[in-house]
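Visitor: Would you mind keeping the following structure in view while I ask a few things?
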Amino acid sequence: MAGKQNSKSARMKDVAELAGVSIKTVSRVLNNEPHVQEKLRRKVRDAVSRLDYVPSQSARSLRGNKSYDVMLICHSGNSSYITAIQFGAVVACQELGYRLSISLCEGLGSKPVADIRQELDSMMARHRPDGVMLVAPYASDEKIGFVLEEMGLPLVRIGPVDLHNRAILVEIDDYKAAIELTTHLIDLGHQRIGFVRGLEDQRSTHIRYSGFCVALEAAGLKVDEALVRPGAFDFQSGFEAGEYFIEMDQPPTAVFCSNDDMAAGVVSACVSQGVNVPAAMSVVGFDDADVATRMRPLLTTVHQPLSELGSTAAKELIESLSKDEGSEPRRIVLDYEFVLRDTTAAPPKG
């Protein structure tokens, strides 16, 4: 059977014959079932590729009573953080024969349980996925998690999340990363360091601030509450924090921002006021979002593997769907990377 056969005429039987396996094995591979030898899995996938075979999604759904769909529920469609996670999840789902659907539910976490149940019931009546992915702040929302678990939907959360033994959690060690960023500033000689918080309903805000405080204390320095400013994980709140710091009688010589958008705002405020970064004020961010390499000077930050977080979460969720007993709660921690660029230097002398 040479060359590629048209996908409309190729059948599962043809795939089985070309791969030299049974139709049942082909079905198990296409349905991403576990306990298939990797050698056989590769043979089937190679045959599928050579034949350009596309399994019928509707037939798969009817046979297995599955939708072969994973739903990502998020609070905002205007977030580089969520967009990067979505990309990784889409790629993983496509590789495993699933679709990723996105449901934007603004303000869901602020509603009472009865309203959350009604909104999710309405959503699932139109389209019920096999499993759900939750990102911050919904990943740590007790009420949303309760309703989804009540509906019997398998969950994966993308952290940081302050929920123990609840489904699958995929995250980086925000606390350790915040300590490393703060220690970098201290090692450069900074002692008067500002901090810009993020949204208070997001766990990352509190974990990153906690790491900041511990690093200062470990170095024998005290947290100056006057140098801690509110933020909203956006450019504007960073710009306002930057203006505040610059106008102080004794401005900080360095500022830790809880994400890169706010760090870009602080740097922009410095530029507008003629404050040199990093000669007069060092600035660090968190995430390594696109803005970190588009701004000037380039931003020192922590690289969070957002796409990998999305792909890992999707793969773990889909794997759990093939287990009759479901998946044991577990925490998966991915590596982060400290990225040294151009916004940090020793504090000014004198």
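The values are calculated or read from the model by the stated rules, or taken from the named source; none is laboratory data. Worth saying up front: this structure is predicted, and the values here are computed from it rather than measured. Don't worry about glycine lacking a Cβ; one is built from the backbone with ideal geometry, like all the others, and counts go over all protein chains shown. These area figures cover heavy atoms from the full protein model, side chains too; ligands, DNA and RNA do not enter into them. Shrake-Rupley method; radii C 1.70, N 1.55, O 1.52, S 1.80 Å.
Visitor: Scan (1) under 17 Å from His184 (Cβ atoms); (2) open to solvent by 40 Å² or more (accessible area, probe 1.4 Å) for the single condition Arg203 breaks and write down its number.
Guide: It fails just one condition, (1).
Visitor: Condition first: touching a strand residue (DSSP E or B) at 6+ places or on another chain (Cβ under 9 Å) and more than 18 Å from Asp287 (Cα to Cα). Now tell me which residues in segment 231-244 satisfy that. First the steps, then the outcome.
Guide: Initial filter on segment 231-244 (touching a strand residue (DSSP E or B) at 6+ places or on another chain (Cβ under 9 Å)): 231, 237-238, 240-242, 244.
Once the filter is applied, which keeps residues that are touching a strand residue (DSSP E or B) at 6+ places or on another chain (Cβ under 9 Å) and more than 18 Å from Asp287 (Cα to Cα), segment 231-244 yields Glu240, Ala241, Gly242, Tyr244.
Visitor: Output the strands (runs of 3 or more DSSP E) that fall wholly within segment 251-350 and possess 2 or more residues being more than 20 Å from Arg157 (Cβ to Cβ), or say none.
Guide: Once the strands (runs of 3 or more DSSP E) in segment 251-350 are filtered for at least 2 residues that are more than 20 Å from Arg157 (Cβ to Cβ), what remains is 254-257, 282-284, 301-303, 337-339.
Visitor: Take the residues in segment 52-93 that are open to solvent by less than 50 Å² (accessible area, probe 1.4 Å) and charged (D, E, K, R); name whichever of them is modelled with the highest pLDDT.
Guide: Ranking the qualifying residues of segment 52-93, first place goes to Asp69.
Visitor: Please go through segment 94-109 and pick out each residue that is part of a strand (DSSP E or B) and open to solvent by less than 40 Å² (accessible area, probe 1.4 Å).
Guide: From segment 94-109, those part of a strand (DSSP E or B) are 99-104; that's our starting set.
Answer for segment 94-109, where residues must be part of a strand (DSSP E or B) and open to solvent by less than 40 Å² (accessible area, probe 1.4 Å): Leu100, Ser101, Ser103.
Visitor: Do any strands (runs of 3 or more DSSP E) lying entirely in segment 123-218 carry at least 2 residues that are modelled with pLDDT of 90 or more and touching a Phe, Trp or Tyr at 6+ places or on another chain (Cβ under 7 Å), and which ones are they? So that I can check it myself, show each step before the final result.
Guide: Working: elements: 131-135, 155-158, 168-171, 193-196.
It comes to 193-196.
Visitor: Regarding Val214, is this residue open to solvent by 50 Å² or more (accessible area, probe 1.4 Å), of a type in the set (A, V, I, L, M, F, W, C) and more than 25 Å from Ser79 (Cβ to Cβ)?
Guide: Values: open to solvent by 50 Å² or more (accessible area, probe 1.4 Å): yes; of a type in the set (A, V, I, L, M, F, W, C): yes; more than 25 Å from Ser79 (Cβ to Cβ): yes.
Criteria met by Val214.
Visitor: Can you tell me which residue among Asp130, Asp187, Asp141, Asp174 is closer than 30 Å to Val283 by Cα and touching a residue at least 24 places away in the same chain (Cβ under 8 Å)?
Guide: Working: Asp130 fails: closer than 30 Å to Val283 by Cα; Asp187 fails: touching a residue at least 24 places away in the same chain (Cβ under 8 Å); Asp141 fails: closer than 30 Å to Val283 by Cα.
Residue meeting the stated conditions: Asp174.
Visitor: Quickly run through segment 84-102 and pick out the residues that are within 10 Å of the chain's Cα centre (by Cα) and among the aliphatic types (A, V, I, L, M).
Guide: Those that are within 10 Å of the chain's Cα centre (by Cα) and among the aliphatic types (A, V, I, L, M): Ala84, Ile85, Ala89.
Visitor: Quick check on my filter: what residues within segment 230-265 are under 17 Å from Leu188 (Cβ atoms) and either acidic (Asp, Glu) or crowded, with 24+ Cβ neighbours inside 10 Å (or both)? Spell out the reasoning first.
Guide: Kept after step one, since they are under 17 Å from Leu188 (Cβ atoms), are these residues of segment 230-265: 251-257, 263.
Scanning segment 230-265 gives Ala254, Val255, Phe256, Cys257, Ala263.
Yes/no matrix, rows are residues, columns are (1) among the aliphatic types (A, V, I, L, M); (2) within 30 Å of Glu95 (Cα to Cα):
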{"site": "Gly274", "(1), (2)": "no, no"}
{"site": "Met281", "(1), (2)": "yes, no"}
{"site": "Val284", "(1), (2)": "yes, no"}
{"site": "Glu308", "(1), (2)": "no, yes"}
{"site": "Thr312", "(1), (2)": "no, yes"}
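Visitor: Considering (1) out of contact with any helix residue (DSSP H, G or I) (no Cβ under 7 Å at 6 or more places or on another chain); (2) touching a residue at least 24 places away in the same chain (Cβ under 8 Å), say which one Asp249 fails and leave the rest.
Guide: The number of the failed condition is (2).
Each row is one residue, and each column tells you yes or no for (1) hydrophobic (A, V, I, L, M, F, W, C); (2) closer than 24 Å to Ser204 by Cα.
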{"residue": "Leu120", "(1), (2)": "yes, no"}
{"residue": "Arg128", "(1), (2)": "no, no"}
{"residue": "Met133", "(1), (2)": "yes, yes"}
{"residue": "Tyr138", "(1), (2)": "no, yes"}
{"residue": "Glu150", "(1), (2)": "no, no"}
{"residue": "Leu155", "(1), (2)": "yes, yes"}
{"residue": "Ile172", "(1), (2)": "yes, yes"}
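Visitor: Would you confirm whether or not segment 136-158 contains a residue that is touching a helix residue (DSSP H, G or I) at 6+ places or on another chain (Cβ under 7 Å), closer than 24 Å to Met262 by Cβ and aliphatic (A, V, I, L, M)?
Guide: The answer is yes, given that some residue of segment 136-158 is touching a helix residue (DSSP H, G or I) at 6+ places or on another chain (Cβ under 7 Å), closer than 24 Å to Met262 by Cβ and aliphatic (A, V, I, L, M).
Visitor: With respect to Lys66, is the statement that it is basic (Lys, Arg) and under 30 Å from Asp46 (Cβ atoms) true? Even if it seems obvious, please write down each step before you answer.
Guide: Details: basic (Lys, Arg): yes; under 30 Å from Asp46 (Cβ atoms): yes.
The answer is yes for Lys66.
Visitor: Any residue in segment 73-92 that is closer than 16 Å to Ala289 by Cβ sitting within a Cβ distance under 7 Å of a residue that is open to solvent by 10 Å² or more (accessible area, probe 1.4 Å) and of a type in the set (S, T, N, Q)? List the pairs, counting only those 6 or more apart or interchain.
Guide: Every condition considered, the pairs that remain are Ile82/Ser76; Ala84/Ser307; Phe87/Ser307; Gly88/Ser307; Gly88/Ser311.
Visitor: Another question, then. Specify the residue that is farthest from Ser322 (Cα to Cα); the eligible residues are those in segment 12-32 that are surrounded by 15 or more Cβ atoms within 10 Å (Cβ to Cβ) and at pLDDT below 80.
Guide: Result: Met12.
Visitor: A further question follows. Quick check on segment 300-336: of everything there that is touching a Pro at 6+ places or on another chain (Cβ under 8 Å) and more than 14 Å from Gly131 (Cα to Cα), which residue is most open to solvent (accessible area, probe 1.4 Å)?
Guide: Here is the first cut: in segment 300-336, the residues touching a Pro at 6+ places or on another chain (Cβ under 8 Å) are 317, 319-323, 326-327, 334-336.
Imposing the further condition that a residue be more than 14 Å from Gly131 (Cα to Cα) reduces the set to 334-336.
Details: Leu334: 23, Asp335: 130, Tyr336: 48 Å².
The qualifying residue most open to solvent (accessible area, probe 1.4 Å) is Asp335.
Visitor: Would you mind stating whether Ala346 is small (Gly, Ala, Ser) and buried (at least 17 other Cβ atoms within 10 Å of the Cβ)?
Guide: Answer is no for this residue.
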